[in-house]
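Here's the structure we're looking at; comments come further down.
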């Protein structure tokens, strides 16, 4: 008798159909979960790498910031040192300005003292001129001035009033002029202040450019010596008491007053000049006193 296969019920069929579907779902969920975990891992790994890179950047930035802070501190120190140096420099400049101002004041005093010596020289010559004019008048019969004060501060005697052309013998008409000059010189040298500031009274002979240099040297020297000899003879006190102050010098044709080649220029260039030379020791003393008073900072250092 054939055994009959039992028939599956509808419930069993449904169960058999549900189980594979459930397995598929679970597999899919597991796969999804794995993918999510993998994504989370990758994300965490990427984030970690980014974090490390960021931390490295932060570390580098901190190093740069520290370097900048160090530079800023160093710059601040340099600025402060510069400010201190500037203040010191300004202080030194102020001190130098004070020294220069004091030196300028002292230099002004020196100028005044040297000027007073020069004024004394011109003043003495002016007194000589006035003394001669008081005794003999300002000019001769022809209207020529007896004496004048030259641009160089010397007393000038017109050669034509004293000598004949190309001669060194004193003219008779010139003797009153030289006698008055001798008396005036004696009176001036009797003044202690004048003698204290005068080193020499130099009688200078000058010629015009005509003739040889040798002839003019000889002529100018003989004329200067002749005038000085006449002064000593007309006033013996000059030679006896003040002879050490006098000297004669020759300049030949080499110091013309007028470069023109005219009779008038030649006549002007032929002359006798009386020059008062200031005492060098007085001038040197004024200068030495000034040098001693100059602060050490302004004095030149010695060479080696």
Checking residue 238 against (1) assigned to a helix (DSSP H, G or I); (2) modelled with pLDDT of 95 or more, which single condition isn't satisfied? (2)
Looking across segment 241-267 at residues that are in contact (Cβ under 8 Å) with a residue 12 or more places away in the chain and either more than 27 Å from residue 208 (Cα to Cα) or assigned to a helix (DSSP H, G or I) (or both), the single one that is nearest to the chain's Cα centre (by Cα) is 245
Name the residues in segment 175-208 that are surrounded by 19 or more Cβ atoms within 10 Å (Cβ to Cβ) and not in a helix (DSSP H, G or I), would you? 198, 201, 203, 204, 205, 206, 207, 208
Considering segment 141-162 alone, what residues qualify as being farther than 17 Å from residue 256 by Cβ and touching a strand residue (DSSP E or B) at 6+ places or on another chain (Cβ under 7 Å)? 144, 145, 146, 147, 149, 155, 162
Could you grab me the full set of residues in segment 168-188 that are in contact with a strand residue (DSSP E or B) (Cβ under 8 Å, 6 or more places away or on another chain) and under 15 Å from residue 240 (Cα atoms)? 185
Which condition number does residue 227 fail, the rest of (1) in a helix (DSSP H, G or I); (2) within 45 Å of the chain's Cα centre (by Cα); (3) modelled with pLDDT of 95 or more being met? (2)
The residue from 220, 230, 252 that alone is at positive phi and surrounded by 15 or more Cβ atoms within 10 Å (Cβ to Cβ) is 252
Taking only segment 124-164 into account, find how many residues are part of a strand (DSSP E or B) and within 26 Å of residue 197 (Cα to Cα). 6
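The values are calculated or read from the model by the stated rules, or taken from the named source; none is laboratory data. Since the model is a prediction, treat every value here as computed from it, not as a measurement. Ideal geometry is used to build each Cβ from the backbone, glycine not excepted, and the neighbour counts take in all protein chains shown.
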